[in-house]
1. Restricting everything to alpha-carbon atoms, can you work out Rg to Rh for the chain with a Kirkwood hydrodynamic radius?
2. Show the residues, 5+ positions off or on another chain, whose built amide H is closer than 5 Å to the amide H of ARG3.
3. With just the Cα atoms defining each centre, how far is region 122-180 from region 198-212? Give it in Å.
4. Could you sort 240-246, 171-177 so that the peptide with the highest average Cβ count within 10 Å comes first and the rest follow in order?
5. Using a 1.4 Å probe over the heavy atoms of the protein chains, calculate the carbon and sulfur portion of the accessible area of the chain as a whole percent.
6. I want the antiparallel fraction of DSSP beta bridges within the chain, as a percent rounded to 5.
7. What is the set of long-range amide H partners of LYS139 at a cut-off below 5 Å, with H atoms built 1.01 Å from backbone N?
8. Give, rounded to the nearest 20 debye, the magnitude of the charge dipole that the chain has about its Cα centre when Lys and Arg contribute +1 at Cβ and Asp and Glu contribute -1 at Cβ.
Amino acid sequence: MPRFSANLSMLYPDLPFMDRFAAAAADGFKAVEYVGAYDQDPAALRRLLDQHGLVQALFNLPAGDWAAGERGIACHPDRVEEFRRGIAKAIDYAKATGCDQVNCLAGIAPAGHDRAILEQVLIDNLAYAAPLLAEAGIKLLLEPINTRDIPGFLINSTDDYERIAAAVGTDNLYLQYDFYHMQVVQGDLLPNFSRLQSRIAHVQVADNPGRHEPGTGEINYSNIFAALDAAGYAGWVGAEYKPKAATSAGLGWFAPWRERA
């Protein structure tokens, strides 16, 4: 049965970040994820997880200045040392919170650089990070993101992931498969999931258009959740969407699965 994780960077936006753990648990989520919480004490994060019986499903590697619009630095030629310093920090937070996978955001392509050069920087950074994370028992993920939501983002499709993964040449580079982004970019959601399932370590959901709750747009999430169940997908399903109103009031899509847990 699909297991659902609340993305605390997007859900419960009316609450302070550290209060969102309790809200997610009260609504029946068994795990949480977020962009990053590197401004918080990792021990405090662990206490909240333990207090509310939650698993830390995922977070991202340090992604630069999020408030200033940065969305990852892994492809930036002038940020290589910063990216690599962030690996040790991510490992510390993962160990503290019991998290066994972290996601890499490739970043927005900086102007004035050839794409091949940026991809090589990304490849080199992933090749550096993958064995360090593997040694710590942590999976490294790479997420394709559409360029409508993040203009200029370097990695956009499963084709991009497969090309980069082949160049890195490690078993410890998995795909984060966000059904919303993949619907915007390429469609064929279930065929591509099935083809790549052995490399998919985490999935995320939101509907299109609007990136709101499942059931508010064109994606047939009843079919998708049933297909994940039938395929024996064992990873977490991250609820990463913009609530149309109050988060708790919009969880009708989640009720059938919550009740089976």
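The values are calculated or read from the model by the stated rules, or taken from the named source; none is laboratory data. Bear in mind that the values here come from a model prediction, so they are computed numbers and not experimental data. Backbone-built Cβ (ideal geometry, glycine too); neighbour counts: all protein chains shown. Protein only, heavy atoms only, side chains kept; ligands, DNA and RNA dropped before computing areas. Shrake-Rupley method; radii C 1.70, N 1.55, O 1.52, S 1.80 Å.
1. Details: Rg = 17.4 Å, Rh = 18.5 Å.
Reported Rg/Rh (Cα atoms, Kirkwood Rh): 0.94.
2. It is VAL237, by chain and number.
3. First find each Cα centre; the distance between them is then 15 Å.
4. Details: 240-246: 16.4, 171-177: 21.7.
Order by mean packing, descending: 171-177, 240-246.
5. Values: 5320 of 10750 Å².
Answer for the chain is 50 percent, counting heavy atoms of protein chains only.
6. On the way: 1 of 27 bridges.
Antiparallel bridges: around 5 percent, rounded to the nearest 5.
7. GLN101, VAL102
8. Working: 22 positive and 32 negative charges, 88 e Å.
In debye, rounded to 20, the chain gives about 420.
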